[in-house]
Amino acid sequence: MGPTALPRRRLLRAFLAAAVVVGSGVGTAAALAAPASHLRLQAPSSTTFGSTANARIPVSHLRLMNYYPADAGWTLMWTHYSHARSAADFQAIASLGANAVRVIVQPSALGYPTVDPTMLANFRDLLSTARSARLGVQLTLFDWWSSYADVAGSEAWLRSLLAGQSGNPTIALVELQNEIPIGNASAIAWAQALMPYLSTVLAGVPRTLTVAGSTGTAGIATLLGDLPSSSIDVVDVHYYGDASGAADVIRAAQSVAGSRPVLVGEAGLSTPDGAAGEEAQARFYRLIERTTVALGVPPAAPWTYTDFTATGIPNNPDPTEYHFGLRRVDGTWKPAAAVVKESFGGVVDNDLDGGFERETNNGGARLGDWTPYDAADGLGQVAGDLVRTGVQSVCFSATSGHSAAVPSVMQKLPVLTGGERFTVTTYVDRLLPTGSERVALAWFSSTGVYLGQVESAVATGSNTWQQLTVSGAAPVGAGTVQVHLKAAYESGRACYDDTTISG
């Protein structure tokens, strides 16, 4: 991004970013502990910074957190630097089990081509503070930068900023620039000159360079072709789409990476809609980390550590930018923080709230883990007066339908292996029923092409909880599966509870 570009993260669509690499906070452990009933998948072990004679953390072992302070994002982190704030934030980040933070540097804030002495002291203090918290650092350089013709000035800035840092094990990897415009010949020429030079300033430190995710796998291939092979080692995925689609994006990155490792350097979901959004965010990280385990890559690095205050982001970006954090601006953790803590600790929470206990009515939008489908023909809503267990269920009344869709609540899940089998069991109770209640598995390709569905038997009877079950294997070409709890043409009332999804 250029120096006047808005900070941004792309919500509601998946995207890739190719990375090129060489060579006491608020909240307690009890508050972040997951219920014992959660299903879990075993994840790879991590490396704690300093556990092996202060050696640099290998990229494959990173448990990375993207970082800006709540009240000082982007350039404000440097122009309003606070040691005490950094120390408190890094302790909070470490409490989640992270072993590294991503620190982003803007030349316009620190001084160019010579870094201001005060800013340099702040930069070095930030590295030292991370080390004290037993955190490594991923440096992202030349943020909000577009003066690509000034190679000499860029080299001078690197020398000024990074003098004395060669051999510092705190720096786990260094990114020359976030999302370089690959269609800009001057930008590519600048990177071709700066990537080798960066290795002389930070000898032995892995180097990274990213392209905009909107360029997709073609952008990655272009970047890999434009840079010398000696500069290319790691592909970095940035993902902000529905979590069920992350597997396809990571697989695409792996296919062009060759033998190079893949790292999910950013992933996130904004929560501007409060409790429902916060539960949806927790679900996002459950599925993302389930996916990274299955595909053999490190846990995704959350974007970002904290929400931002009203004045915490320069340039007044889209309102969703303020709500990607794992922590609220009051210092309390969102539910997703517990999910991330588990994944950083080597396990993945697989609880998809089949009992609807964490769902919240949201004006027809997402409830949390579950999302209303075909709401125009009837809206599934959280209720507390008719439940099988717990205190909540999801109920339908006065629904209709049409040939292409009927009302339901649904979840989308990734198909992680060929022919993967899914089984859904749920319970439905019907009062004065006239409609058709059933559970379905609907298969889709990675590009969203409908591949078919399997359905349970239709519910019968009333005034009793009836079990419905459906099971099916993913057909060839399936990338995602949608779980639907349907209630079509129901003039009475139908409520679902105690749903389990295995697969």
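For the stretch 252-270, the criterion of being buried (at least 24 other Cβ atoms within 10 Å of the Cβ), within 20 Å of G325 (Cβ to Cβ) and among the polar types (S, T, N, Q) is met by none of the residues. Taking the conditions (1) more than 33 Å from the chain's Cα centre (by Cα); (2) under 22 Å from A376 (Cβ atoms) in turn, F444 satisfies each one other than (1).
Among the residues of the stretch 225-244, those that are assigned to a helix (DSSP H, G or I) and either crowded, with 22+ Cβ neighbours inside 10 Å or in contact with a helix residue (DSSP H, G or I) (Cβ under 7 Å, 6 or more places away or on another chain) (or both) comprise D226, S231, A243, S244.
Filter the stretch 385-408 down to residues that are surrounded by fewer than 21 Cβ atoms within 10 Å (Cβ to Cβ), hydroxyl-bearing (S, T, Y) and assigned to a strand (DSSP E or B), then give me how many there are. Count: 1.
The C-beta contact set for the stretch 142-160 (first residue under 24 Å from R124 (Cα atoms), second residue assigned to a helix (DSSP H, G or I) and at pLDDT below 95, distance under 7 angstrom, 6+ apart or interchain) comprises L158/L198.
Of the residues S491, S502, S446, the single one that is at pLDDT below 95 and touching a Leu at 6+ places or on another chain (Cβ under 9 Å) is S502. Among residues of the stretch 400-429 that are among the polar types (S, T, N, Q) and modelled with pLDDT under 95, those with a beta-carbon under 9 Å from a residue that is buried (at least 16 other Cβ atoms within 10 Å of the Cβ) and not in a strand (DSSP E or B) at least six positions away or on a different chain give the pairs T417/A294; T417/A474. Of the residues making up the stretch 314-364, those that are out of contact with any helix residue (DSSP H, G or I) (no Cβ under 6 Å at 6 or more places or on another chain) and of a type in the set (V, I, T) are T320, V329, T332, V347. When D369 is tested against the conditions (1) at positive phi; (2) in contact with a helix residue (DSSP H, G or I) (Cβ under 7 Å, 6 or more places away or on another chain); (3) not aromatic (F, W, Y), the lone failure is (1). Count of the stretch 356-384 residues, restricted to those that are over 14 Å from A243 (Cβ atoms), surrounded by 21 or more Cβ atoms within 10 Å (Cβ to Cβ) and small (G, A, S), is 2. Among residues of the stretch 260-287 being acidic (D, E) and either closer than 16 Å to V329 by Cα or part of a helix (DSSP H, G or I) (or both), the one that is modelled with the lowest pLDDT is D273.
The values are calculated or read from the model by the stated rules, or taken from the named source; none is laboratory data. Please read these numbers as outputs of a predicted model, since none were measured by experiment. Reconstructed Cβ throughout: ideal geometry from the backbone, glycine too, with neighbour counts over all protein chains shown.
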